[in-house]
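Take a look at the structure set out below.
The values are calculated or read from the model by the stated rules, or taken from the named source; none is laboratory data. Since the structure is predicted, the reported quantities are computational estimates derived from the model, not experimental observations. In this analysis, Cβ positions are derived from the backbone assuming ideal geometry, glycine residues included, and neighbour counts consider all displayed protein chains. These accessible areas exclude ligands, DNA and RNA; they are computed on the full protein's heavy atoms, side chains included. Shrake-Rupley method; radii C 1.70, N 1.55, O 1.52, S 1.80 Å.
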Amino acid sequence: MTLDRAVCDELLSTTRAVRKRLDLTRPVPRSVIEECIALSMQAPTGSNSQGWRWVVVEDADKRRALADLYRRGGEDYLTTASAQYAESEDAQTQRVFGSAIYLLEHLHEVPVHVIPCLAGRPPENVPAAMMAGMFGSIFPAVWSFQLALRARGLGSCLTTLHLVHEAKAAELLGIPDDVMQVALLPVAYTVGTDFRPADRPPASTITHWDAW
């Protein structure tokens, strides 16, 4: 099979963190979420552990409770950072914080919350190599899930602020103690699909060959 490189490149370069353009009124079929999770399971995973676990939240009361934990975990940080950048000439970062505040206010309205998890927890004072291996076994699957959503006209945004209150989220959703939440993705169809690549510096400015 020959992949269409232009299509692949567009998918990779236009899968954005979507917040303001999430359609808060259009239902998301379970079958679409299941398709995207099935595709994510083809992602590489350390030692072939296949420790991915997914909690998909449709219930409105539970979404509202998760959104409350999210606000409690991140409101001070986001409002302070947003105010700091308000006078900045960095328009792109201003837009990012503006959309982050929007999500803070509307997360409970997003029709589906998806929480990727990993079976197992790191021990105390875990070496960096083990932590890298653990997260390296889940985040490729998360990104594959987000790419699959984009290909189907849906958007998402990887957030972690609710993890400040991970234990409360686990109690709300019945997640076992030996399963680690790693993110919360608000998922919805997007308002339009005309996403563009972000403004980034040339790759040469962050690449080192053979030595730093």
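Odds and ends about this structure:
- Radius of gyration and Dmax over the Cα atoms of the chain, both given in Å: 18.0, 53
- The stretch 14-29 residues near the modelled K62 label - backbone nitrogen below 14 Å, point 7 Å along Cα→Cβ: none
- Here the label points at A17 and A198, each 7 Å from Cα along the C-beta direction, are separated by 0.6 nm in the simple model.
- Portion, in percent, of the accessible area of the chain that falls on carbon or sulfur, probe 1.4 Å: 54
- Accessible area in square angstrom per residue, the stretch 37-151, 1.4 angstrom probe: 53
- Computed lengthening from C8 to T79, 0.36 nm per intervening residue step minus Cα-Cα distance: 21.9 nm
- With the highest mean first, a sort of the peptides 187-199, 131-143, 4-16 on other beta-carbon atoms found within 10 angstrom per residue produces 131-143, 187-199, 4-16.
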